[in-house]
Amino acid sequence: MEKKKVFSGIQPSGALTIGNYIGALKNFASLQDEYDCFYCIVDLHAITVPQIPKDLRKRSLDVLALYIASGINPEKSTLFIQSHVPAHSELSWVLSTITYMGQLNRMTQYKEKTKKSEENLNAGLFTYPILMASDILLYQADFVPVGDDQKQHLELARDLADRFNNRYSETFKVPEGLINKFGARIMSLQNPETKMSKSDDDENAYILLLDDSDTIRRKIKRAVTDSEGVVAYRDEQPGLKNLLNIYSVFSNEDVESIVRKYDGIGYGMFKEDLAEVVVEGLKPIREKYYQLTSSKDYLEDVYKKGAEKASYFSGKTLRKVYKKVGFIQRA
Ligand code: AMP
Ligand code: TRP
């Protein structure tokens, strides 16, 4: 029996944070035995905000190295760079003709980004979710592991698949999200009301996967908590709740037993232990990453093979789509 398919992508638009790791990356490796997985470095998405070309090139390789460092095996899963597979842009155009302006207007991420960068209101920022839908639908993905912030985009992908299928006959698999119960939204360490993001101006707001151990300790020490002085997991203490989620993910302990452990002990000790748990958790990833970035030939071989495999699968879907909408088959 053919394995079900998984697709996900990460933008090479900045150094990855533990939010990306917990919400998405960490789960990718664990899916690769059961499913046929495609993990993409979505560089086409990244240029919807201004990028320095040389940095974008470096970061794209960084994301590839981090995929592998976090346990994804390129012999099992397909790792590739979005711009290497033209079918993504091509399907995106076709799907844009069945997407309503109103749907895109309602996208939270778009609304937030336009608030932030009013001087760069480009059309790509608006049509971005159509490209994401194309990524997913091209591979006939059954499941899409993402963080909570991508729910709305995923809903659009499902909607477009349905609409196309209804209009032109069954073509696309309608994908399901795989969103963790815990850690699907890791919050800023400085403002637990907002999402931890690699584009935050305050570097104390996030921990990067490649932060060194002392930086991690310092950032956790400075993390905003509250004046209750009691380690508890509740909405009224959002800073602490976030730190407990992080602790739980990195230690594989459930939140209740962590809370019990720090009963009657102040935040200082809790934060010190948390820092060590995170430092230990990230160390192997960082070490593997540095090993990989010094073997450029290996990385090139991985993304080359990945693009070939991805082109094969996505090409099949795109040819069906072109035929159904009435394009003459290429001679
Ligand atoms: P991006 O960096 O925007 O390409 O996001 C890559 C993946 O990380 C997506 O699946 C996001 O949902 C996930 N992600 C990003 N930030 C967070 C966060 N703070 N908490 C949980 N997941 C996140
Ligand atoms: N939009 C996603 C994000 O910002 C990245 C992404 C692009 C993606 N294409 C995708 C995620 C396809 C999952 C599937 O996080």
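Structure data summary
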item: Selection within segment 1-20 - modelled with pLDDT under 95 and among the hydroxyl-bearing types (Ser, Thr, Tyr); result: SER13
item: Residue list for segment 59-109, filter: hydroxyl-bearing (Ser, Thr, Tyr) and either modelled with pLDDT under 95 or in a loop (DSSP other than H, G, I, E, B) (or both); result: SER70, SER77, THR97, THR99, TYR100, THR108
item: Qualifying residue in segment 120-129 (condition: within 15 Å of ligand 2 (Cβ to nearest atom), open to solvent by 40 Å² or more (accessible area, probe 1.4 Å) and within 26 Å of GLU308 (Cα to Cα)); result: no
item: In segment 11-46, the residues that are among the aliphatic types (A, V, I, L, M), in contact with a Pro (Cβ under 7 Å, 6 or more places away or on another chain) and either open to solvent by 20 Å² or more (accessible area, probe 1.4 Å) or more than 11 Å from ligand 2 (Cβ to nearest atom) (or both); result: LEU31
item: Checking GLN140 against (1) within 15 Å of ligand 2 (Cβ to nearest atom); (2) polar (S, T, N, Q); (3) free of Cβ contacts under 8 Å to residues at least 12 places away in the same chain, the condition it does not meet; result: (3)
item: Leading residue by the ranking (nearest to ligand 1 (Cβ to nearest atom)) among those in segment 193-208 that are open to solvent by less than 20 Å² (accessible area, probe 1.4 Å) and touching a helix residue (DSSP H, G or I) at 6+ places or on another chain (Cβ under 6 Å); result: MET196
item: Residue in segment 291-298 that is over 20 Å from GLU90 (Cβ atoms), open to solvent by less than 90 Å² (accessible area, probe 1.4 Å) and within 22 Å of the chain's Cα centre (by Cα) present; result: yes
item: Residue within segment 299-316 that is modelled with pLDDT under 95 and either within 24 Å of CYS37 (Cα to Cα) or not assigned by TED's automatic domain parsing to the domain that holds GLU170 (or both) present; result: no
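This table checks each residue for (1) aliphatic (A, V, I, L, M); (2) open to solvent by less than 20 Å² (accessible area, probe 1.4 Å); (3) within 14 Å of ligand 2 (Cβ to nearest atom).
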{"site": "MET101", "(1), (2), (3)": "yes, no, no"}
{"site": "ASP135", "(1), (2), (3)": "no, yes, yes"}
{"site": "ALA157", "(1), (2), (3)": "yes, yes, yes"}
{"site": "TYR168", "(1), (2), (3)": "no, no, no"}
{"site": "GLU176", "(1), (2), (3)": "no, no, yes"}
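The values are calculated or read from the model by the stated rules, or taken from the named source; none is laboratory data. Predicted model, so just to flag it, every value in this text is computed and none were measured. Glycine gets a Cβ as well: all are built from the backbone with ideal geometry, and neighbour counts include every protein chain shown. Only protein heavy atoms, including side chains, enter the accessible area calculation; ligands, DNA and RNA are left aside. Shrake-Rupley method; radii C 1.70, N 1.55, O 1.52, S 1.80 Å.
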